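**Student:** I am attaching a structure below and will ask some questions about it afterwards.
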Amino acid sequence: MKRKQQKKMHNIKDIRNDFENFKERLKNRNIDINLDNILSLDEENRKLIQEKEKFEMEKKSISKSKDQSLFEKSKELSLKIEEINKNQIKLQNRINDILSSIPNIPLSDVPVGQDENSNKEIEKKGEIKEFNFVPKSHYELGDKLNMLDFDLATKTTGSRFVFVKKELAQLERAISNFMIDTHTQKNGYTEISPPLIATAETMFGTGQLPKFENDQFEIKLDEGDERKFLIPTAEVILTNIVKNQILEKNELPIRVVASTPCFRKEAGSYGKDTKGMIRQHQFYKVELVSIVENDKCTEELERMSNSATMILDALKLPYRKIVLCTGDMGFSAEKTYDIEVWLPSENKYREISSCSSCGSFQARRMKARYKGQNNSKEFVGTLNGSGLAVGRTMIAIMENYQTEDGSILIPDVLKPYMPNIDKISIN
RNA sequence: GGAGAGAUGGCUGAGCGGUUGAAAGCAUCGGUCUUGAAAACCGACAAAGGGGCAACUCUUUCCUGGGUUCGAAUCCCAGUCUCUCCGCCA
């Protein structure tokens, strides 16, 4: 039988064999990489490999012959090989840099488009409440309640951080617990409490490196010389649990959930959402990750996004689900659903979850495989999604459940998590 | 922080400086047998990369990076990780 060829990142062979097709499929992704010279680099690279291997073969036969008279010759060969090898590795690295900066290829049913204007709404649910007063923003509410303190955060830490206090802090915790309980009890996810720090290799696996280093917080540990980063999302650490592994088929699917802080520099979003806690350097998120057989990605994406919307249904928050177009998707995704929740103060929907199938893109970077039919080693499929962003869920609850006097009602499903309280008000 | 032990294929685990890409076992796959299964027996079974339409063939890889040597899984140096013991502290 045919052996499946192993790939890493994008496979140069595939690109070589069908360059036009490859370019075509990527052209809608808004990439700024010059693909044209990769073929000539590849050709030169292979020439060097051939040259090197010719000398290696010669050297090998000398050492096998144990013919002392040829030993001098062998030394010379070593020098030549070393020389060629140096150049070849340099070239190979250049090619790998390019390859590892090329995003995933969109699935064929993903709408084509440049930016968010081409995203397609596919579902809208929940009733948008009519207020008989002007609804306040979450930061106005939080300020009035004296439970969201941005100034204090600025004093201790800097901008884009917040102190959440008193009942609101309790609410944040309740939201997180409710989500985890739902996903573990109803949706078949296993709870994990992972490290919040990842190695550079781990970050590469899910696609945060090398391209998006600017958005990551690097931290310094004394030990070792491997670079380490605060996770921008639990996706990084949860997906990489299968890194460098060959799984048995019956170990799949793996479904895990974790509630973790996430750390992002938010570089390039300077003027955006500067007020309130929509966009922070640090925020809590409940993350869902699925590792599946690579032909099960599509159905798993539906399952995952349904797990996410289940939370919004339970909280009775109005939302809509959209498919991101080719130009708006993240680097590693082949298809993405964004779920957006209604925010009365902004009079529009705002992202509260993003669920992506990455196909085998991350698996190739992580070298995560499983044994398929006839022992063939297949790359796993990976998916990740927020289930949901905790801070933004709190915002949505505050704004949608506010009353005229600035109090916030507690959604029914959260009441067991907030004993003795059915609303949050100034005390 | 101090003292040791170790890192080899999907897993367990041998390995003398020169047919060792690597024994053996397990797992897996194919076959014989069986009504079917199990057992037993026979066979196959690492990856990446290059060349070739193909049969096939070549190179590299025994934690990582250097070094010694005509030749390194095997010797030397540095690093990483894991385990055990002692101390210390959440």
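**Student:** Are any residues in region A:213-238 away from RNA strand B (no atom under 16 Å from the Cβ) and either among the basic types (Lys, Arg) or surrounded by fewer than 17 Cβ atoms within 10 Å (Cβ to Cβ) (or both), and if so, which ones? Quick ask: steps written out before the conclusion?
**Tutor:** First pass over region A:213-238, keeping only residues away from RNA strand B (no atom under 16 Å from the Cβ): A:213-218, A:230-236, A:238.
Of everything in region A:213-238, those that are away from RNA strand B (no atom under 16 Å from the Cβ) and either among the basic types (Lys, Arg) or surrounded by fewer than 17 Cβ atoms within 10 Å (Cβ to Cβ) (or both) turn out to be A:213, A:214, A:215, A:217, A:218.
**Student:** I need a count of the residues in region A:55-77 that are near RNA strand B (Cβ under 8 Å from one of its atoms), of a type in the set (D, E, K, R) and in contact (Cβ under 8 Å) with a residue 12 or more places away in the chain.
**Tutor:** 2
**Student:** While we're on this one: Hey, can you tell me all the residues within region A:38-50 that are more than 9 Å from RNA strand B (Cβ to nearest atom), surrounded by 11 or more Cβ atoms within 10 Å (Cβ to Cβ) and free of Cβ contacts under 8 Å to residues at least 40 places away in the same chain? Before the answer, list the steps.
**Tutor:** Let us first name the residues in region A:38-50 that are more than 9 Å from RNA strand B (Cβ to nearest atom), namely A:38-41, A:44, A:48.
In the following step, the residues that additionally are surrounded by 11 or more Cβ atoms within 10 Å (Cβ to Cβ) were identified as A:38-39, A:41, A:44, A:48.
Within region A:38-50, A:39 is the sole residue that qualifies.
**Student:** Ok, one more. Report, by residue number, each residue of region A:1-35 that is at pLDDT 80 or above, closer than 15 Å to residue A:94 by Cβ and surrounded by fewer than 14 Cβ atoms within 10 Å (Cβ to Cβ).
**Tutor:** Selection gives nothing.
**Student:** I need the full set of residues from region A:281-292 which are touching a helix residue (DSSP H, G or I) at 6+ places or on another chain (Cβ under 7 Å) and either farther than 18 Å from residue A:239 by Cβ or not small (Gly, Ala, Ser) (or both), in order please.
**Tutor:** Selection gives A:283, A:284, A:285, A:286, A:287, A:288, A:289, A:291, A:292.
Residue-wise test of (1) outside the structural domain of residue A:196 (by TED's automatic domain parsing); (2) in contact with a Lys or Arg (Cβ under 8 Å, 6 or more places away or on another chain); (3) assigned to a strand (DSSP E or B).
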| site | (1), (2), (3) |
| --- | --- |
| A:235 | no, no, no |
| A:238 | no, no, no |
| A:250 | no, no, no |
| A:255 | no, no, yes |
| A:258 | no, no, yes |
| A:266 | no, yes, no |
| A:269 | no, yes, no |
| A:273 | no, yes, no |
| A:290 | no, yes, yes |
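**Student:** State whether one or more residues within region A:325-332 are surrounded by fewer than 24 Cβ atoms within 10 Å (Cβ to Cβ), part of a strand (DSSP E or B), assigned by TED's automatic domain parsing to the domain that holds residue A:297 and not acidic (Asp, Glu).
**Tutor:** no
**Student:** So residue A:403 passes all but one of these: (1) hydroxyl-bearing (Ser, Thr, Tyr); (2) within 16 Å of the chain's Cα centre (by Cα); (3) at pLDDT 95 or above. Which condition number does it fail?
**Tutor:** With respect to (1) hydroxyl-bearing (Ser, Thr, Tyr); (2) within 16 Å of the chain's Cα centre (by Cα); (3) at pLDDT 95 or above, residue A:403 is out only on (2).
**Student:** Kindly list, by first and then second residue, each pair from a residue in region A:162-183 that is without any contact (Cβ under 8 Å) to a residue 60 or more places away in the chain and in a strand (DSSP E or B) to a residue that is open to solvent by 20 Å² or more (accessible area, probe 1.4 Å) and aromatic (Phe, Trp, Tyr), limited to pairs with Cβ atoms under 8 Å and residues at least 6 apart or on different chains.
**Tutor:** Between residues of region A:162-183 that are without any contact (Cβ under 8 Å) to a residue 60 or more places away in the chain and in a strand (DSSP E or B) and residues that are open to solvent by 20 Å² or more (accessible area, probe 1.4 Å) and aromatic (Phe, Trp, Tyr), the close pairs are A:163/A:150.
**Student:** Under the condition of being closer than 19 Å to residue A:121 by Cβ and of a type in the set (A, V, I, L, M, F, W, C), which residue from region A:311-324 is surrounded by the fewest Cβ atoms within 10 Å (Cβ to Cβ)? Step through it out loud before you land on a result.
**Tutor:** First, the residues of region A:311-324 that are closer than 19 Å to residue A:121 by Cβ: A:312-313, A:317-324.
From what is left, the residues that are of a type in the set (A, V, I, L, M, F, W, C) are A:312, A:317, A:322-324.
Details: A:312: 24, A:317: 25, A:322: 21, A:323: 19, A:324: 24.
Ranking the qualifying residues of region A:311-324, first place goes to A:323.
The values are calculated or read from the model by the stated rules, or taken from the named source; none is laboratory data. On a predicted model such as this, the values are computed, not experimentally measured, just so you know. Virtual Cβ from ideal backbone geometry, glycine too; neighbours counted across all protein chains shown. Each accessible area value is taken on the protein alone, full model and side chains, heavy atoms only, with ligands, DNA and RNA left out. Shrake-Rupley method; radii C 1.70, N 1.55, O 1.52, S 1.80 Å.
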